[in-house]
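Engineer: Please read through the structure below; I'll follow up with questions.
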Amino acid sequence: MPAKSPPKYARFSSADRRSMLIEAGLACLARDGILGFTIDRICVEANISRGLITHHFKSIDGLLAAVYETIYGKMLVVLETPDTATGKPEQRLIAIIETMFSREFFNRESLNIWLALWGEMANNPALLKVHRKQYARYRTDVESAISTIANDRGLKIDTGLVATMLISLVDGLGLEWCIEPKLLSAKVAKDACYKMLEPILGALR
């Protein structure tokens, strides 16, 4: 007896539908940038009808904001996972740097997604709102790691400014790698971060 063809649209829970649309949006951004983030392409990617984007996210911009919150959230979950391997004050900052240039995050697909989202942010209030919330959390994490070292070593420094400098350098290195991967490796990128921080904080490695 021949097998039955699966239904065009299977039954999933509301949460599953949202997750499928977000993952489809991430795939479209990774492959084609912001130009690939269209209702038609996302629905084909997720095998979902057009009306479900409006139903779950109100608009394509709402889905884009959810996509940004998801990719940022995945990064923050990893960054905020405690590293108690050595118990040294500098271990948290080292873990952040190593994580940002790990294969999980420092890869072509991930960076393509970030570039697409950053480029759209200036013209998308919903995306900017999510960014401000997630960036504040990210900056707090980085500043906390820097403050731990500064307090342990008795250093009087503007930890907020140093955190901003580090984040800006990480973002810039990611952009540079996307433009010309042959000129930059993850190791070189990590070394650049340590070379920026160590004159301020002292030896880290």
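Any read-out appearing in this document is the output of simple, stated calculations on the displayed coordinates, not a laboratory observation. Nothing here was measured: the structure is a model prediction, and the numbers come from that model. No Cβ is skipped: glycine too gets one built from the backbone with ideal geometry, and neighbour counts run over all protein chains shown.
Engineer: Considering only residues that are surrounded by 17 or more Cβ atoms within 10 Å (Cβ to Cβ) and under 19 Å from Pro89 (Cα atoms), which ones fall in the range 151-193?
Structural biologist: Passing the criteria: Thr159, Val162, Ala163, Leu166, Lys190, Cys193.
Engineer: Moving on to the next point. Checking the condition in contact with a Leu (Cβ under 9 Å, 6 or more places away or on another chain) and closer than 30 Å to Leu35 by Cβ, which residue from Leu166, Leu173 passes?
Structural biologist: Just a single option satisfies the conditions, and that option is Leu173.
Engineer: Sticking with this one: Residue check: is Ser168 part of a helix (DSSP H, G or I), among the hydroxyl-bearing types (Ser, Thr, Tyr), without any contact (Cβ under 8 Å) to a residue 60 or more places away in the chain and closer than 30 Å to Ile60 by Cα? Spell out how you get there, then give the answer.
Structural biologist: On the way: part of a helix (DSSP H, G or I): yes; among the hydroxyl-bearing types (Ser, Thr, Tyr): yes; without any contact (Cβ under 8 Å) to a residue 60 or more places away in the chain: yes; closer than 30 Å to Ile60 by Cα: yes.
It is true that Ser168 is part of a helix (DSSP H, G or I), among the hydroxyl-bearing types (Ser, Thr, Tyr), without any contact (Cβ under 8 Å) to a residue 60 or more places away in the chain and closer than 30 Å to Ile60 by Cα.
Engineer: Among the residues of the range 138-150, is any part of a helix (DSSP H, G or I), out of contact with any Ser or Thr (no Cβ under 9 Å at 6 or more places or on another chain), surrounded by 17 or more Cβ atoms within 10 Å (Cβ to Cβ) and among the polar types (S, T, N, Q)?
Structural biologist: Within the range 138-150, one or more residues are part of a helix (DSSP H, G or I), out of contact with any Ser or Thr (no Cβ under 9 Å at 6 or more places or on another chain), surrounded by 17 or more Cβ atoms within 10 Å (Cβ to Cβ) and among the polar types (S, T, N, Q).
Engineer: Cys178: hydrophobic (A, V, I, L, M, F, W, C), in a helix (DSSP H, G or I), within 16 Å of Thr99 (Cα to Cα) and in contact (Cβ under 8 Å) with a residue 60 or more places away in the chain, yes or no? Break it down into steps so the answer makes sense when it comes.
Structural biologist: On the way: hydrophobic (A, V, I, L, M, F, W, C): yes; in a helix (DSSP H, G or I): yes; within 16 Å of Thr99 (Cα to Cα): no; in contact (Cβ under 8 Å) with a residue 60 or more places away in the chain: yes.
It is false that Cys178 is hydrophobic (A, V, I, L, M, F, W, C), in a helix (DSSP H, G or I), within 16 Å of Thr99 (Cα to Cα) and in contact (Cβ under 8 Å) with a residue 60 or more places away in the chain.
Engineer: What tally of residues in the range 47-104 results from selecting those that are in contact with a helix residue (DSSP H, G or I) (Cβ under 7 Å, 6 or more places away or on another chain), free of Cβ contacts under 8 Å to residues at least 40 places away in the same chain and not in a loop (DSSP other than H, G, I, E, B)?
Structural biologist: Qualifying residue count, the range 47-104: 6.
Engineer: Here is a follow-up. Suppose we filter the range 54-69 for residues that are among the aliphatic types (A, V, I, L, M) and either over 15 Å from Gly36 (Cβ atoms) or touching a strand residue (DSSP E or B) at 6+ places or on another chain (Cβ under 9 Å) (or both); how many remain?
Structural biologist: Total meeting the criteria: 2.
Engineer: Still on this structure: What is the residue count in the range 53-68 for residues that are surrounded by fewer than 21 Cβ atoms within 10 Å (Cβ to Cβ) and more than 23 Å from Tyr135 (Cα to Cα)?
Structural biologist: Total meeting the criteria: 5.
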